[in-house]
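K.L.:
First, the structure itself, so that you have it in front of you.
The values are calculated or read from the model by the stated rules, or taken from the named source; none is laboratory data. If you're wondering where the values come from, they're calculated on a predicted model, not measured in any experiment. Here the Cβ is made from the backbone with ideal geometry for all residues, glycine too, and neighbour counts use every protein chain on show. Note: accessible area is taken over every heavy atom of the protein model, side chains too, but ligands, DNA and RNA are not part of it. Shrake-Rupley method; radii C 1.70, N 1.55, O 1.52, S 1.80 Å.
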Amino acid sequence: MKVHIIGGGNLGVSIALGIAKFSPENQVTVTRRNTASILYLEALGITVSTDNKYQIQDADIIILTIKPYQVDTVLAEILPVIGSKIIASAVSGLSIENLQNKIGETNSAIRIMPNIASQFGASATCIAFHEKNKDKAQSVVALFQDLGTAPIIDEKLMDAATVLAASGTAFALRYIRASMQAGIEIGFDWQTALAISAQTVKGAAEMLLEEKGHPEQLIDRVTTPQGCTIAGLNEMEMHGFSSSLIRGIKTSLKQIKG
Ligand SMILES: NC(=O)c1ccc[n+]([C@@H]2O[C@H](COP(=O)([O-])OP(=O)(O)OC[C@H]3O[C@@H](n4cnc5c(N)ncnc54)[C@H](OP(=O)(O)O)[C@@H]3O)[C@@H](O)[C@H]2O)c1
């Protein structure tokens, strides 16, 4: 497939890099107005352009990774030349209905919520579409399955997906930073503390994804009676570890919903 990404910023570039590495049979073009900072992508086989319409007629999927206020300008530019395309939008807050109205019935609106771990083939990309676009959406689902997992969700959960999967990246990183800071306090230099903290989170996540069990089942295998792990966990919970995360996620969702 030919994938045309409009908006070569944080997310657009991470998706382009992910496709180049984990879905290399697909060709990618990335556009933005000022391409100086992303010209290095060319060396990786990714086409870079300042022209949103560059070979867009050949694209199988157009991905929008621009800010909401840039959508109308970009669509006004490309709609007269695209004919009939699949348009996958990662634009926060832009509903399928709204996008479909903007692009007209000849094009198919698919809503996606990837995160920047796309670059490492490790995004959790939630995807939503209307029933009539079910067949067209399969190519988008397959593409993002190459870049991690790609669950199909009901569109009404898209804001929740934004918080859990996109903002969730920042929440997970903050956990790692806190763990690393504690690691320094108990004796490691920051580089070693970071390596241990990040790998430990990766290992825990891989075990969960592999075994598909509940986290408490794995926690039970780590917590020896009267041991240091349960003592630490209980102390953290006493200070609101789980509840502060849950409150933070619910606050982020409230913020999105306005
Ligand atoms: N970052 C994430 O983790 C994440 C996750 C999920 C969803 N999203 C959503 O994805 C969208 C992009 O987020 P981002 O963080 O990647 O933002 P960003 O880094 O600001 O990227 C947006 C890019 O769009 C380009 N752009 C602006 N106007 C354009 C135009 N007319 N034609 C072509 N390119 C244009 C900008 O570059 P120029 O100014 O050079 O044109 C910029 O590189 C947002 O709607 C965001 O809510 C982001």
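K.L.:
Given points 7 Å out from each Cα along the Cα-Cβ axis, report the ASP72 to LYS202 separation in nanometres with one decimal.
P.N.:
4.5
K.L.:
Next up: Roughly what percent of Cα-Cα pairs across the stretch 38-169 reach past 24 Å?
P.N.:
Of all Cα-Cα distances in the stretch 38-169, 27 percent exceed 24 Å.
K.L.:
While we're looking at this one, here's another question. How many Å² of accessible area per residue for the chain, probe 1.4 Å?
P.N.:
58
K.L.:
Can I ask one more? Mind listing the long-range amide H neighbours of CYS126? Cut-off is under 5 Å, sequence gap 5 or more, other chains count too, H placed in the peptide plane at 1.01 Å from N.
P.N.:
Excluding prolines and chain starts, which carry no amide H, the hits are MET113.
K.L.:
Tell me, what % of the accessible area of the stretch 160-257 is carbon and sulfur with a 1.4 angstrom probe?
P.N.:
62
K.L.:
Cα centroids of the stretch 190-210 and the stretch 12-48: how far apart, whole angstrom?
P.N.:
When both Cα centres are located, 28 Å separates them.
K.L.:
Using the alpha-carbon atoms, what tilt in degrees (0 to 90, nearest 10) does helix 10-22 show relative to the longest principal axis of the chain?
P.N.:
Relative to the chain, helix 10-22 is tipped by roughly 90 degrees.
K.L.:
Within the set LYS2/LYS67; LYS102/LYS134; LYS21/LYS202; LYS2/LYS250, which residue pairs have Cα atoms separated by over 27 Å?
P.N.:
Among LYS2/LYS67; LYS102/LYS134; LYS21/LYS202; LYS2/LYS250, the Cα-Cα distance tops 27 Å for LYS2/LYS250.
K.L.:
Please work out the Cα convex hull volume for the stretch 160-257 and give it in Å³ per residue.
P.N.:
119
K.L.:
Kindly express, to the nearest 10 degrees and within the range 0 to 90, the angle between helix 190-211's C-alpha long axis and the longest C-alpha principal axis of the chain.
P.N.:
Helix 190-211 sits at roughly 80 degrees to that axis.
K.L.:
How high is the relative contact order of the chain, in percent, with contacts defined as C-alpha pairs under 8 Å that are six or more residues apart?
P.N.:
Relative contact order comes out at 14 percent.
K.L.:
Could you work out how far helix 71-82 tilts from the main Cα principal axis of the chain, as a 0 to 90 degree angle to the nearest 10?
P.N.:
With rounding to tens, the tilt is 50 degrees.
K.L.:
I've got another one for you. Scale the Cα Rg of the chain by the rule-of-thumb value 2.2 N^0.38 Å and send over the ratio, two decimals.
P.N.:
That ratio works out to 1.15.
K.L.:
Express the carbon and sulfur contribution to the solvent-accessible surface of the stretch 2-153 as a percent, rounded to the nearest whole number, probe 1.4 angstrom.
P.N.:
51
K.L.:
Loop-only trypsin sites (Lys or Arg not before Pro) in the stretch 145-234, please: DSSP not H, G, I, E or B, and at most 11 other Cβ atoms within 10 Å.
P.N.:
LYS212
K.L.:
Another question, then. Only helical DSSP H runs with n ≥ 4 go in: add -39500 (n - 2.57) per run for the chain, normalise by residue count and round the 222 nm mean residue ellipticity to 500 deg cm²/dmol.
P.N.:
-15500 deg cm²/dmol, from helical runs alone.
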